Each structure stands twice: as C-alpha cells, then as structure tokens.
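The values are calculated or read from the model by the stated rules, or taken from the named source; none is laboratory data. For clarity, every value in this text was computed on a predicted model and none was experimentally measured. When we count neighbours, we look across all protein chains shown, and the Cβ atoms used for this are built from the backbone with ideal geometry, even at glycine. For accessibility, only protein heavy atoms count, side chains too; no ligands or nucleic acids. Shrake-Rupley method; radii C 1.70, N 1.55, O 1.52, S 1.80 Å.
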Amino acid sequence: MPKNVYICAGFFNMRTIYRISICTIIAAFAAGGFPKYSYSAEPQRPDIETPEQHAMRMMQSFDDRFAIMDSLIFGAARSADIPVEAADIPVTDVVTGSRNEAIDEVTEAEIYAMKARTGLELRGQAYARPGRQISYDPDDPLVAYNAKLQIELNWDIFNSSVYKRRSKSEELRLKGELRQMETERESREQTLYMQSNAMRSRHYGRMLSLLKLHSENLQLLMEAQLYLLRNGKISSDDLVKIINEQSEIERRLVVLNADSTVRELPVTPSATYVFVADTAALYDGIREQHRDLRKLSLQQQLLDAQRKNIDYAQTMNVAPFVRWSYYNRYMVRNTYNLDVGVSFRLPLTAETARKRSALSAEKRVIADKHEQSAELILRDVKDLLRELDNNNENMCGEFERMRNLKEYLIMRIDGYNNVAGDYSRVDRLQEYNAYLQSWERLLGYAYQRDCLLIELQGFLPDQPIADFLIFQELN
C-alpha cells in the first residue's frame, strides 16, 4: 500500500471505513492512478495514456458536456425565458366510479313490484252439509240448504300502491342510491389510484432523466478532480464533496430504478404553473359532492321518506268488498244473493307514533354527524390548501432561482467565449450542475403539487378539481 494511504488512515484514526476508502482512492490516484489492464491468455503491457493525451481527452469530454447542457437548458436560442414546450398541467379527471347496472335493475324491479301491488283480493268458499237432521233443520227454510258457494272481491286501499305511491317510490330509489354509493366507492378509489400512479410515473421518469445527466456531469468532474489532485493542483476536500454529491445522486437513482413502472422520459424546459384555489366555490362543491356527506344526506332523506310512509292508516285494514253467494236448497228452488259492504280492522295501539318519533330522533343523530363530518373534511381540505400555498411559494422561489442561474450562465458563456486563453472547465461544469440541482428541486415541488391536487380531487367525485383552480403561469 502506498505510504500516503497509511497517513490517511492514521489521520482519521480509523474512525470509519467509509473515510478510509475515500482516502485510499484519493491517495492511490495521487500516487499515479490505477492503470487499466486488458485481460487475456497472454500477459500484455498496461494501456498507458500520456499526460498530454489525458488532458486533451478530458478537455474534449468537457466540451461535449457543455454542448449537451447548452442544448438542454437553452434550446435553439439562448434566452433567460423558460421555453414553453410542454405545459406541466396535471390531468385530474372526474373520479366518478362506474355505476353498477345490476343495482339499478334491482331498484327498478322493486319499484315495479311496489306499483304492481293493487290491493285487490279475491276470496271464495264452497262447502256442503252432510245431511238433514245433522247439519240443519229441514223445516226452517232460512237454513235449509245442502251446499253453498261464496265468492268475494275486496280492495285493501291503504295497503295498495294507490296510497302514497310517489313517496314509496322515492323511498325505494333512495335505498338504491345508497347501495350504489357503496359499489361506486371501490371503483372510484381504483380510478384515483390509477391517476396517482400515472402522475407519479410521469414525474419520476423526468426526474430519472435529469438525475442521470447530473450523475454523468459528476463522474466527469470526479475524473478531472482526481487528475488535478494527482498533479497537486487541488486539495482532497473538493474531491470528497463531489464524491458525497455523487453518492446522493446514485442513491436516488437506485430508488427510481427499483420501480419497474418508471421509464426514463425526455426532460425539457416547460411552462411552470402554480394553482390558486377558489376556496368559497371549492368548499360549496365539497359539501355538495363529497361521498360521505352525500351518503349522510341520503340517509336523512330516506328517514324522511320512511317517516312519511309510516302512518296509522297503513296499520288499518279497510276494504270495500262485493260478495256473491249461491245456495243449493232442500225441497225448494236454489237461491243466490249479492252483498256490497266494507270490512275493517282497527288496531288499538300507539306503535305508529312511536316509530315516527324514533325515525325523527335517528335523523337528528345523522344531522349532527353530517355537521361534524363536514367540519372535519373541510379542515382537511384547508390543510391541503395551506400546503398548496406553501408549495406555490417554494415553486416561485425555485423558479426565480432558475431564472437567475440561467441569466448567470448566459453571461458566463459569453465570458468564456471571449476569454483569452484557457479557463476552468471544472468551474463551468459545476455552474451547470447548480442549475440542474435547482431544476431537480423544481420538479420535486411540481410532484408535491400534483400529489396535493390528486388528494383534493378525491373530495370531488363529480367534478374536476381544475374547475376550482386558477392557473397562474410563472414567467
């Protein structure tokens, strides 16, 4: 091991393996670098590059990176303005779940069955008497008959669809809507999940491309710093900073590459937007559309319909009837008679009033729950809007920093082009890296913004969140 490796190890007093490994790399390159060998069956001489060739190759590598950075940042024309190539507006579609047609069919069938309840009833009886002197007195003409046939048609009005048909249909419809909401919830959550994944893949793909560019710049800087360190032109501190920065970039790349759904997307300067919410309209829309609040509202409407459909009349049995009777008489001609009347049954109970009172009490409980839920939901929305405002400030600040860096790069490029002789390519590439770092932060804020918008969209299943936002382009 070279002598200065032992010096590094002693200097750090063996505190961490990580520090020793960095020092080992630095010292080894300072001592002359690690020669590259081509392995084969026959021993070969090391592929040795002269210092002049190394310097020329490094300068060409830097010039190539500068061309890539200039094309990425400035495009065809150098300007401090951010080119509007692709508006970075998140797509937040309406997140309504698909209706379950089977549930609608069940509801329609229940309503049809209720309307088919006519209340009409046909009754009849036929019987014969076993014989004279046993079943009747043959000398009494009023009861002297051998057989009887009786048919009766009655109409139970209060238990037919004629009575409160509309309110009964409304009760069944409300029950169907409640069943439908439970089914739509799963479909809606799945749609929101897919939107979130699509947004995340888009942002991660762009970040992946940007981090790779940054990593390639750092690799070139690391090679240049090692070359300078070998020649005693810099201290090891500059190299350690680059190694630490590269390690952090590599860590982030490992995380992104571990996600199989992330594909590298071309990264280009694009219009940057912040969004300001119309809070009054948004709060009204959430009170009207939020699924939990709508469910509680439907439950209150259902209790009103049930209370309306429960009355004393439905516990009664009041039925007009028509009755026809035919008698087979003994020793006289057969007779018949036709009767028209009303039969009734009136329960002597206060059960109906108690049921209505119970429904009213249950409605008050649900109304209180609705109010409490609305307060909690709006509180969560206010927290999200506060985060969105903070994120807007961060995006505005980072956008302004990018603009200033871009203006600075323009001035520096003009200076580099007009300088007499050579200049520090390491410093120039680090200036580009500063712009990339700012761009990475801006992409991070854009991702946080879209996550907040996706969360807000979850409160509005029937309307896009964009309807409640004011788009402001940063320029």
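To make sure I understand the rule: partners must be lysines, Cα under 30 Å from the Cα of Lys212, and not fewer than 8 residues away in the same chain. Which ones qualify?
Those lysines meeting the cut-off are Lys36, Lys233, Lys241, Lys406.
Protein chains only, probe 1.4 Å: how do Ile151, Ile377 rank by accessible area, largest first?
Ile151, Ile377
Using a probe of 1.4 angstrom, how much of the accessible area of the stretch 297-412 is carbon and sulfur, in percent?
Numbers: 3890 of 7270 Å².
It is 53 percent, rounded to a whole number.
Relative contact order, percent, of the stretch 249-399 when contacts are C-alpha pairs under 8 Å separated by at least 6 residues?
About 27 percent, as a whole number.
Mind ranking 323-330, 392-399 by how tightly packed they are, going by the mean number of other C-beta atoms within 10 angstrom, highest first?
On the way: 323-330: 15.4, 392-399: 17.0.
For the peptides 323-330, 392-399, the packing ranking is 392-399, 323-330.
Using a Cα-Cα cut-off of under 14 Å, which aspartates and glutamates could be cross-linked to Lys363, ignoring same-chain neighbours fewer than 8 residues away?
Excluding near neighbours in sequence, the set is Asp304, Glu371.
Which value, in Å² rounded to 10, gives the accessible area of Thr335 with a 1.4 Å probe and all protein chains present?
About 40 Å², ignoring ligands and nucleic acids.
What number comes out for accessible area per residue over the stretch 225-353 if the probe is 1.4 Å? Units Å², please.
Roughly 57 Å² per residue, with all protein chains present.
Can you tell me which lysines have their Cα less than 24 Å from the Cα of Lys382? Leave out same-chain residues fewer than eight positions away.
Filter leaves Lys295, Lys369.
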